[in-house]
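Below is one structure; the comments refer to it alone.
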Amino acid sequence: MKKELYTPLLVLSLMISSPAFAHSLEDAEAELQERERYAQFVDQPAPAFSLTDADGNTVSSTDLEGNVVVLNFIYTRCQEACPVHMNLIAEVQSQVNDTGLRDEVEFITIATDSEDIVGTRNNMRAYGRNFDFDPANWRFLYRSENESAETTRQVAEAYGLKFDDVAEGVQAHGVVTHVIDQSGRMQARFHGLEFEPEHLVSYVKVLAEGSETLSTGVWDRIRHTVTNIFN
């Protein structure tokens, strides 16, 4: 290789391989936004909560820091949107765990039911069985026996969602899947039931492993070309 060609290629190789050249989170979000119309990127503190799991153990939002968190709310007696939502969450969990991120990503489902605690916990256990959730990184949370029936609906409202009783066994509500980073900041909301699970998985990977995991543009082609030249 001629010296005059080798030198600029070497410089280009060092630039591409350096951390400063890595895509930013904003770049990754912009790229993902082009693919996923239902994604909203926010970057704001996630509202705090302290609730109990099926066994009565307290789980707080601070306990989850250090992991990426996929958080959703459901009314367990819902027979329409909520089962579809949980099916999407189950697909996301399966894909995330298949990538080897089981230990880095937590799935949290919060029940907004105002009915009895025992029945609600039984419903959530049934969701776990019916949708084959992996208990290693999925937990459902609810209020404790001494807390108001409004407790989890107040948490949902802090996240921007309203769950309103409109009839016996019926709540009117929106559907949002929240993504929280390792520092406890909410980075994204995936709205509704039509987002592509693999897009949410891609974003989780970005938060867990770095924004370069989503880079697919011209610089990847340049990096590939340079690598082939030097090899």
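The values are calculated or read from the model by the stated rules, or taken from the named source; none is laboratory data. Source: prediction; values computed, not measured. Don't worry about glycine lacking a Cβ; one is built from the backbone with ideal geometry, like all the others, and counts go over all protein chains shown. Please note that ligands, DNA and RNA were not included when accessible areas were found on the heavy atoms of the full protein model with its side chains. Shrake-Rupley method; radii C 1.70, N 1.55, O 1.52, S 1.80 Å.
Within segment 12-29, does at least one residue satisfy the condition of being surrounded by 15 or more Cβ atoms within 10 Å (Cβ to Cβ), modelled with pLDDT of 95 or more and out of contact with any His (no Cβ under 6 Å at 6 or more places or on another chain)?
Looking through segment 12-29, none of the residues is surrounded by 15 or more Cβ atoms within 10 Å (Cβ to Cβ), modelled with pLDDT of 95 or more and out of contact with any His (no Cβ under 6 Å at 6 or more places or on another chain).
Provide a single number: the residues in segment 162-173 that are touching a helix residue (DSSP H, G or I) at 6+ places or on another chain (Cβ under 9 Å) and either open to solvent by less than 30 Å² (accessible area, probe 1.4 Å) or closer than 15 Å to residue 79 by Cβ (or both).
Residues meeting the conditions: 3.
Quick check on this structure: which one of 170, 176, 155, 166 is out of contact with any strand residue (DSSP E or B) (no Cβ under 7 Å at 6 or more places or on another chain) and among the hydrophobic types (A, V, I, L, M, F, W, C)? If you could, list the steps in order and put the result at the bottom.
Values: 176 fails: out of contact with any strand residue (DSSP E or B) (no Cβ under 7 Å at 6 or more places or on another chain); 155 fails: out of contact with any strand residue (DSSP E or B) (no Cβ under 7 Å at 6 or more places or on another chain); 166 fails: out of contact with any strand residue (DSSP E or B) (no Cβ under 7 Å at 6 or more places or on another chain).
Every option except 170 fails the conditions.
With respect to residue 99, determine if the residue is within 25 Å of residue 184 (Cα to Cα) and either free of Cβ contacts under 8 Å to residues at least 24 places away in the same chain or out of contact with any strand residue (DSSP E or B) (no Cβ under 8 Å at 6 or more places or on another chain) (or both).
yes
Are there any pairs with C-beta distances below 6 angstrom linking a residue in segment 40-57 that is over 16 Å from residue 147 (Cβ atoms) to a residue that is open to solvent by less than 40 Å² (accessible area, probe 1.4 Å) and in a loop (DSSP other than H, G, I, E, B), with the two at least 6 apart or on different chains, and if so which?
46/184; 47/159
Can you name every residue in segment 58-85 that is in a helix (DSSP H, G or I) and under 25 Å from residue 145 (Cα atoms)?
Answer for segment 58-85, where residues must be in a helix (DSSP H, G or I) and under 25 Å from residue 145 (Cα atoms): 61, 62, 63, 64, 82.
Go through the residues of segment 115-122 one by one and say whether even a single one is under 22 Å from residue 172 (Cβ atoms), part of a loop (DSSP other than H, G, I, E, B), acidic (Asp, Glu) and touching a helix residue (DSSP H, G or I) at 6+ places or on another chain (Cβ under 8 Å).
no
Can you tell me which residue in segment 145-161 is modelled with the lowest pLDDT, limited to those that are open to solvent by 20 Å² or more (accessible area, probe 1.4 Å) and polar (S, T, N, Q)?
So the residue we want is 146.
What are the pairs, 6+ residues apart or on separate chains, where a residue within segment 148-171 that is closer than 11 Å to residue 115 by Cα and outside any helix (DSSP H, G or I) has its Cβ under 7 Å from a residue that is open to solvent by 30 Å² or more (accessible area, probe 1.4 Å) and basic (Lys, Arg)?
Close Cβ pairs satisfying both conditions: 169/77.
Restricting to segment 99-113, name every residue that is assigned to a strand (DSSP E or B) and among the hydrophobic types (A, V, I, L, M, F, W, C). Walk me through it before giving the result.
So in segment 99-113, the residues assigned to a strand (DSSP E or B) come out as 105-111.
Within segment 99-113, 105, 107, 108, 110, 111 meet the criteria.
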